[in-house]
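Values quoted throughout were computed directly from the atomic coordinates according to the rules given, and no laboratory measurement underlies them. Since the structure is predicted, the reported quantities are computational estimates derived from the model, not experimental observations. Reconstructed Cβ throughout: ideal geometry from the backbone, glycine too, with neighbour counts over all protein chains shown.
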């Protein structure tokens with residue numbers, strides 16, 4: 001029974017939600033919007049549970065004195081500060097906004113900016129011309145990089161000015177992006193789309209039920 | 001004499017004005033029709049009229065509407081001269097409206113069409129424009145369902161080797177031998193998203209093996225609902241393997257909902273705990289390379305998988321194995337070897353074969369000057 005009820009609900013809602021995609025009538029669209037809005041009801045409960053888990057995890061870390069347990073206090077300081085300011089005064093309060101703008105946003109930006117260095121290190125490894133494929137990747141990447149920077153066309157026109165192709169760097173880049181790159185991407189997208197439909201059918205029919213906690 | 005000249009001048013000016021005026025007489029918009037917009041929920045009415053000749057002097061159109069028994073009101077502002085269709089989406093359902101199209105010239109002269117018969121909007125139960133999509137979906141679904149039930153007969157189904165999934169045992173074995181943990185991230189996806197569900201399926205299979213080997217499995221979650229479902233998935237896997245004593249609920253935990261804070265948290269776990277194997281399966285965005293490069297820097301064996309074609313190059317560059325696109329969805333069938341799941345993979349391949357056939361046929365027909373396939377596909381999209 002514990003498994004059957006979710007499976008029946010999944011089947012019923014899956015079929016109904018598919019049908020709403022083919023019916024523009026306000027009744028069916030109303031059902032679609034109503035069901036989607038139900039997820040909003042679940043979120044607050046889940047958030048309470050998540051907060052409880054977060055507290056539980058960090059209390060356990062402090063109690064057990066695990067590695068770097070002192071940082072768990074930082075979590076509590078941040079959590080309590082935002083709750084103390086946010087709950088009574090709301091997220092529009094000056095202090096709340098100041099904390100968000102001057103602490104969370106810069107920290108997010110810091111993490112994001114690390115991406116530039118990680119791209120460099122990953123590119124260095126990927127572009128080592130050890131094999132034919134890696135060499136091809138390296139040459140392609142060089143052309144795309146040349147085409148992306150304004151000086152690329154200047155270099156092309158200066159060095160390869162004798163060729164009948166003007167601004168060849170940006171044109172070659174565009175050709176690579178429009179043809180081999182887009183073809184590969186579309187192939188992946190087609191495969192993914194069919195995979196999603198297949199997975200959805202398995203879930204709706206109750207064949208794929210591992211998301212319920214097991215395969216039986 | 002002067003008076004005569006003045007009279008002649010006035011007459012000349014009048015004649016010129018009258019003749020200019022007559023030469024710029026605007027033709028009224030013709031064949032104006034108003035009808036309920038097809039394939040909508042009844043919240044709009046479409047007004048159509050014939051295109052005016054280029055030298056008609058019309059510089060734009062105004063749409064006027066009248067609610068039964070009411071006055072005229074303008075809707076939609078001034079429309080450009082070439083317009084021949086207007087969709088009025090500001091109607092109230094259940095009311096009938098009559099429409100007039102007013103042509104406007106550059107000199108602000110106007111001329112109105114005849115008033116249409118009153119029309120009201122009504123919602124359609126079926127979107128006729130989506131018939132080809134429905135047929136394609138039914139065909140593809142039928143192929144999958146047929147293959148699923150055909151697989152129950154016990155026929156051997158060939159599935160090509162997927163190195164990323166072959167390496168799952170290797171990764172878990174390595175972590176066990178090294179006495180280190182395994183880190184599994186489901187990415188940033190919500191519970192209702194298909195990649196997340198596919199990732200949970202893989203996690204279930206990974207958890208079965210870690211239960212056998214007693215290898216710690218750490219799962220930091222970004223979404224609280226995902227965390228709860230994942231806890232149930234992992235717990236059931238340990239129960240199924242007869243090792244509920246090894247299951248530790250604290251190993252599946254909520255980290256944060258913020259994208260980069262999540263990346264920082266997972267990176268921190270990697271650097272501190274140095275897991276021997278890292279699984280990055282699910283939906284990833286800009287944090288994909290941050291996670292994968294950190295995993296690479298600690299020397300963990302990394303198996304990644306996502307359906308986001310923008311993140312795939314990052315994973316391929318930084319991870320040992322990558323499940324590309326649909327391989328993520330094939331993982332549950334591949335790892336479990338359940339005949340019904342394998343059958344659905346074959347159905348999926350039929351779908352790909354069908355699309356491949358359509359593409360080849362479309363290219364051949366286009367080269368031969370026949371373009372009905374292209375037209376049909378463009379209409380569906």
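Points worth noting:
- Distance from the C-alpha centroid of the stretch A:164-187 to that of the stretch B:197-213: 41 Å, rounded to the whole angstrom.
- Interatomic Cα distance distribution for the stretch A:127-216, bins of 10 angstrom, percent: 15, 25, 22, 13, 15, 7, 3
- If the convex hull is drawn through the Cα atoms of the stretch B:162-337, its volume per residue in Å³: 95 Å³
- Take each residue in A:105-116, count the other chain C-beta atoms within 10 Å of its C-beta, and the mean is 4.
- Relative contact order, percent, the stretch A:127-216 [alpha-carbon distance under 8 Å, six or more residues apart]: 18 percent
- Cα gyration tensor shape of the stretch B:186-242, rounded if a/c is under 1.5, else prolate or oblate by comparing a/b with b/c: prolate
- On Cα atoms only, tilt of A:26-64 relative to the major axis of chain A in degrees: 80 degrees
- Measuring nothing but how far apart in sequence close Cα pairs (under 8 Å, 6+ apart) lie, relative to its length, the stretch B:149-269 scores a relative contact order of 24 percent.
- Rounded tilt (10° steps) of A:150-159 against the dominant C-alpha axis of chain A: 20 degrees
- Semi-axes of the equivalent ellipsoid for the protein assembly as shown, Cα gyration tensor, largest first, Å: 57, 32, 30
- The stretch B:27-120, relative contact order in percent, only Cα pairs under 8 angstrom and at least six apart counted: 36 percent
- Antiparallel DSSP beta bridges within chain B, as percent of all bridges there, nearest 5: 60 percent
- Burial order of peptide ranges B:271-279, B:218-226 (average beta-carbon count within 10 Å, highest first): B:218-226, B:271-279
- Sites residue B:74 and residue B:114 - FRET efficiency at Förster radius 30 Å, r taken between beta-carbons, to 0.05: 0.95
- Packing order of peptides A:156-168, B:106-118, B:132-144, B:34-46, highest average first: B:34-46, B:132-144, B:106-118, A:156-168 (average count of other Cβ atoms within 10 Å over each peptide's residues).
- Sorting A:100, B:329 from the fewest to the most surrounding beta carbons within 10 angstrom yields A:100, B:329.
- Here the Kirkwood formula, the inverse mean of 1/r across different C-alpha pairs, assigns chain B a hydrodynamic radius of 26.9 Å.
- Rounded to 10°, Cα long-axis angle of helix B:194-213 versus longest principal axis of chain B: 0 degrees
- Under the Debye formula (equal points on every Cα, no solvent term), log10 I(q)/I(0) of the stretch A:1-60 at q = 0.13, 0.22 Å⁻¹: -0.56, -0.91
- Bridges between two residues of the protein assembly as shown, per DSSP, are antiparallel at a rate of about 60%.
- Gap separating the Cα centres of the stretch B:262-300 and the stretch A:110-162, nearest whole Å: 25 Å
- Expected-Rg normalisation [2.2 N^0.38 Å, Cα atoms] applied to the stretch A:87-160: 1.92
- Dimensionless Rg/Rh of the stretch A:45-138 - Kirkwood Rh, Rg from C-alpha atoms: 1.22
- Only helices enter this figure: runs of n ≥ 4 DSSP H residues, each worth -39500 (n - 2.57), summed and divided by the residues of chain B, yield -15500 deg cm²/dmol at 222 nm to the nearest 500.
- Arranged from fewest to most other beta-carbon atoms within 10 Å of their beta carbon, B:354, A:89 become A:89, B:354.
- Overall Cα dimensions of the stretch B:35-185, principal axis frame, Å, largest first: 87, 39, 33
- All Cα pairs of chain A, percent lying beyond 21 Å: 79 percent
- Virtual spin-label span in nm between residue A:102 and residue A:63, 7 Å along Cα→Cβ: 3.7 nm
- Average beta-carbon neighbours from other chains, 10 Å sphere, peptide B:186-196: 2
- Residue A:182 paired with residue A:136, simple spin-label distance in nm, labels 7 Å along Cα-to-beta-carbon: 2.1 nm
- Only Cα sites of the stretch A:116-159 enter the Debye sum here, all with the same form factor; the resulting log10 I(q)/I(0) across q = 0.16, 0.27 1/Å is -0.51, -0.91, listed in q order.
- Equivalent ellipsoid of the stretch B:208-266: semi-axes from √(5λ) of the C-alpha gyration tensor, largest first, are 24, 11, 7 Å.
- Where N is the number of residues in the stretch B:27-120, Cα Rg divided by 2.2 N^0.38 Å: 1.04
- Convex hull of Cα atoms in the stretch B:37-91, direction-averaged projection (nm²): 4.6 nm²
- Label-point separation in nm, residue B:370 to residue A:21, each point 7 Å along Cα→Cβ: 3.0 nm
- Listed residues B:252, B:25, B:119, most fluctuating in chain B (Gaussian network, C-alpha, under 10 Å): B:25
- Shielding value for A:34-47 is 2, the average number of Cβ atoms from other chains within 10 Å of each residue's Cβ.
- Ordering B:282-292, A:192-202, A:25-35 by mean Cβ neighbour count within 10 Å, with the highest value first, yields B:282-292, A:192-202, A:25-35.
- Helix-derived mean residue ellipticity, 222 nm - over chain A, DSSP H n ≥ 4, -39500 (n - 2.57), to 500: -25500 deg cm²/dmol
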